[in-house]
1. Among the listed residues ILE142, ILE125, which satisfies the condition of being part of a strand (DSSP E or B), β-branched (Val, Ile, Thr) and under 17 Å from the mean Cα position of the chain (by Cα)?
2. Among the basic types (Lys, Arg) and under 22 Å from ASP67 (Cα atoms): is that true of LYS108 in this structure?
3. Give ALA220, ALA248 a once-over and let me know the one that is at pLDDT below 95, over 25 Å from PHE99 (Cα atoms) and not assigned by TED's automatic domain parsing to the domain that holds LYS138.
4. Which pairs do you get when a residue that is closer than 22 Å to LYS40 by Cβ, found in the range 51-64, comes within reach of a residue that is of a type in the set (D, E, K, R) and part of a strand (DSSP E or B), reach meaning Cβ atoms under 8 angstrom, with the pair 6+ apart or on two chains?
5. Assess whether ALA183 counts as being in contact (Cβ under 8 Å) with a residue 40 or more places away in the chain and closer than 29 Å to GLY15 by Cβ.
6. Restricting to the range 3-44, what's the tally of residues that are aliphatic (A, V, I, L, M), assigned to a helix (DSSP H, G or I) and surrounded by fewer than 21 Cβ atoms within 10 Å (Cβ to Cβ)?
7. Does the range 51-66 contain at least one residue that is buried (at least 23 other Cβ atoms within 10 Å of the Cβ) and touching a Lys or Arg at 6+ places or on another chain (Cβ under 6 Å)?
Amino acid sequence: MLRGKVAVIGAGFVGSTTAYTIMLKGLFQEIVLIDINKDKAEGDALDMAHGVSFQKPVNIYSGDWQDCKGADIVIITAGVNQKVGETRIDLLKRNADIFKSIVDNVMKYASDDVILLTVTNPVDILTYITYKLSGLPKSQVIGSGTVLDTSRLKYLMSRHTGVDARSCHTYIIGEHGDSEVAAWSITNIAGMNMQRFFENFGKCTDSDLQKMYEEVKNSAYDIIKKKGATYYAIAAAVARIVECISGAENSILTVSAILNGEYGIEDIALSVPTQLSVNGVERILDVPFNEKELAGLRNSAKTLKDSLKSIGF
């Protein structure tokens with residue numbers, strides 16, 4: 001274990017489930033939950049702490065802003081929830097105002113080498129805002145991005161092919177939201193692209209691929225309509241991100257990172273395959289997406305920049 005302490009800001013559905021998932025994985029020696037509703041944070045922390053005898057040793061407790069001191073990673077899940085029928089971009093103005101206060105309070109106590117991981121939606125825009133407000137190097141500010149979207153696509157590919165989702169290799173890139181792009185040109189199973197795979201194993205049409213993409217893009221809306229919020233899978237995705245960092249894995253995930261010329265995109269956060277190390281973003285990979293996918297990626301960047309401009313960033 002290379003990192004000892006993680007702070008989770010926000011003890012709502014996503015924050016508490018994320019803290020619990022991290023506890024189950026045994027990734028940190030210390031987990032602190034911070035929320036404006038102190039009773040909720042304390043109740044969640046106590047509830048989890050009562051199960052530590054079944055886990056690796058961990059000190060899990062509720063705290064305040066000063067408890068960000070010494071944290072290796074601060075995960076920001078706080079914010080207002082997405083309403084039924086509301087797009088992620090609709091959340092922007094409400095959550096941007098909240099983040100100004102959160103980032104200021106975190107950076108009063110956090111160390112210069114802290115990694116900030118934004119999860120609150122719209123995650124790409126709030127990741128960029130966090131980067132600007134924190135003053136940290138871009139390598140230390142990331143968002144959960146399309147890590148979950150990519151997992152959703154792998155799940156659907158697995159359902160269609162009968163192949164384990166872990167052996168389905170693909171990415172969702174761009175915005176975590178309506179302008180996201182399925183990178184079909186580099187999708188493969190056992191080194192075979194989808195066309196080659198289905199020449200020998202089953203059947204898959206362009207319509208099937210489009211249906212998978214649409215289902216990924218609309219998954220959150222469907223789940224929110226049915227149960228009010230999404231939190232299990234995003235918690236698993238966030239735990240996987242911090243596992244990559246805490247274990248210095250150099251694994252590749254589609255986190256939301258600040259681009260500086262990659263793919264012809266500057267000064268915005270969005271998701272492309274990114275290598276994560278103990279220091280956060282190690283490098284952003286130059287992946288040979290096809291022209292349609294590159295156009296979609298750049299459209300995502302423009303969409304996000306336009307939204308940022310609307311609130312003065």
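The values are calculated or read from the model by the stated rules, or taken from the named source; none is laboratory data. It should be emphasised that the depicted structure is a prediction, and the values quoted were computed from it without experimental measurement. Neighbour counts run over all protein chains shown; Cβ positions are idealised from the backbone, glycine included.
1. ILE142
2. Taking the combined requirement at face value, the residue satisfies it.
3. After ruling out the rest, the residue left standing is ALA248.
4. Sorted first by the residue in the range 51-64, then by its partner, the pairs are VAL58/GLU30; ASN59/GLU30; ILE60/GLU30.
5. no
6. Here the count works out to 1.
7. No; the residues of the range 51-66 include none that is buried (at least 23 other Cβ atoms within 10 Å of the Cβ) and touching a Lys or Arg at 6+ places or on another chain (Cβ under 6 Å).
Table: residues versus (1) over 22 Å from ASN250 (Cα atoms); (2) of a type in the set (S, T, N, Q); (3) in a loop (DSSP other than H, G, I, E, B); (4) in contact with a helix residue (DSSP H, G or I) (Cβ under 6 Å, 6 or more places away or on another chain).
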| site | (1), (2), (3), (4) |
| --- | --- |
| ASN81 | yes, yes, yes, no |
| LEU92 | yes, no, no, yes |
| ASN121 | yes, yes, yes, yes |
| ASP149 | no, no, no, yes |
